[in-house]
Amino acid sequence: MTIEPGDLYRLEPGADMLTAATLVQAIPGFIDAGSAVNLAVSQLLDSLEHEVVVRFDHDVLIDYRSRRPRLTFNEDHYEDYVAPELVLYRMTDSDGISFLLLAGPEPDFLWDRFTEAMLDLVTRFEVQRSVGLLGIPMAMPHTRPVTVTSHATRPGLVSGANLWRGKVAVPASLGALLEIRLGDAGLDGFGFAAHVPYYLAESDYPAASAALLEATAASTGLSLPLGDLIEAGTRVVAAADEQLAGNEEIARVVSTLERQFDALTTEGGDTGIAELSTLSAEDIGAQVERFLAQHDEDGSTPES
């Protein structure tokens, strides 16, 4: 039996009357450094009124064996099975403006048909712009403000110059593919990737989530509350300072990253991230891996 794009989702009652100018797609793919996207989604769902308007067929889209759902074994029986949920929410921002939020696990299968289904929904709900969120590990120090890389289906759609310059091959993600397909259809799609310090990529990094929501709000006009993300981010930085204080090797890495970042962001500077070579990515990666392994063993990885 052939599965058509329309077979992949089900509209909830009343959804056919909905319109929303903005779609925020937050489906982490191969990476979610600092849990930046997941924390942003939690912040939105905890802070804003919302309802599910579309449910996608996870039995068709998700590979259960690669990402096994959780359940509980209670003495002599199983319970509390939690099925994966990939849904489209109708959200209401702090000013009463409706927008859509696509959240849940990235589909493992049928990417082309899923993007076709999303294009159908974009047309149905009269979406004018789609915004993708991502968190990526970068050679950035935790002692400096979080920066973001922006991207779009056409020039001028998002403002500001990226610190990153150059070309790099990366694993594909469904969010990136959806942005490409939106552009192919002549629709506006853009997104932001928050830069998370390499050495904290495995820990929650709320400052990156705050940066994603701030960039989204600035580019769409939505009013998105940050809640305690800023305060939580400050606590993480303080915890990282404490953890790193006794590790001279990582302290040297952070110091080098600080010098690179400051040189990069100094007025008049024209060096892109891709061109910085004071410390190679391989050197950073090797030292970071040793740091993370050490703190995984003693249970002292910084937490939010």
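Here, each number is a calculation from the coordinates, and none is a lab measurement. No experiment lies behind these values; they were computed from the predicted model shown. Using ideal geometry, Cβ is built from the backbone for each residue, glycine included, and neighbour counts are taken over all protein chains shown.
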Report task. Output the residues belonging to region 163-186 that are in a loop (DSSP other than H, G, I, E, B), over 17 Å from the mean Cα position of the chain (by Cα) and not basic (Lys, Arg). Result -> Leu163, Trp164, Gly166, Val168, Ala169, Ala185, Gly186
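Conditions tested, residue by residue: (1) closer than 30 Å to Tyr199 by Cα; (2) in a loop (DSSP other than H, G, I, E, B).
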site: Pro28; (1), (2): yes, yes
site: Ala36; (1), (2): yes, no
site: Val41; (1), (2): yes, no
site: Leu45; (1), (2): yes, no
site: Val52; (1), (2): no, no
site: Arg55; (1), (2): no, no
site: Asp59; (1), (2): no, no
Query raised in the report: In region 1-26, what residues are closer than 29 Å to Gly135 by Cβ, of a type in the set (A, V, I, L, M, F, W, C) and either without any contact (Cβ under 8 Å) to a residue 40 or more places away in the chain or assigned to a strand (DSSP E or B) (or both)?
Result: Leu23, Val24, Ala26
Report task. Output the number of residues of region 214-267 satisfying the condition of being of a type outside the set (Ser, Thr, Tyr) and either closer than 27 Å to Gly96 by Cβ or touching an Asp or Glu at 6+ places or on another chain (Cβ under 6 Å) (or both). Result -> 15
Query raised in the report: In this structure, does Asp63 turn out to be touching a residue at least 40 places away in the same chain (Cβ under 8 Å), outside any strand (DSSP E or B) and of a type in the set (D, E, K, R)?
Result: yes
Report summary line: Within region 30-66, of all residues that are over 18 Å from Ser98 (Cα atoms) and small (Gly, Ala, Ser), the one surrounded by the fewest Cβ atoms within 10 Å (Cβ to Cβ) is Ser66
Query raised in the report: With respect to the numbered conditions (1) of a type in the set (A, V, I, L, M); (2) under 21 Å from Gly34 (Cα atoms); (3) in a loop (DSSP other than H, G, I, E, B), which one is the sole condition not fulfilled by Leu222?
Result: (2)
Query - Where a residue in region 243-258 is in contact (Cβ under 8 Å) with a residue 60 or more places away in the chain and closer than 22 Å to Thr147 by Cα and its partner, wherever it lies, is charged (D, E, K, R) and not in a helix (DSSP H, G or I), with Cβ under 9 Å and at least six apart - result: Leu257/Arg144; Glu258/Arg144
**Report entry** Those residues of region 96-119 which are within 17 Å of Glu51 (Cα to Cα) and of a type outside the set (A, V, I, L, M, F, W, C), in sequence order
**Finding:** Gly96, Ser98, Gly104
Requested in this report: List the number of the failed condition for Val196; all other conditions in (1) buried (at least 22 other Cβ atoms within 10 Å of the Cβ); (2) outside any strand (DSSP E or B) hold.
Outcome: (2)
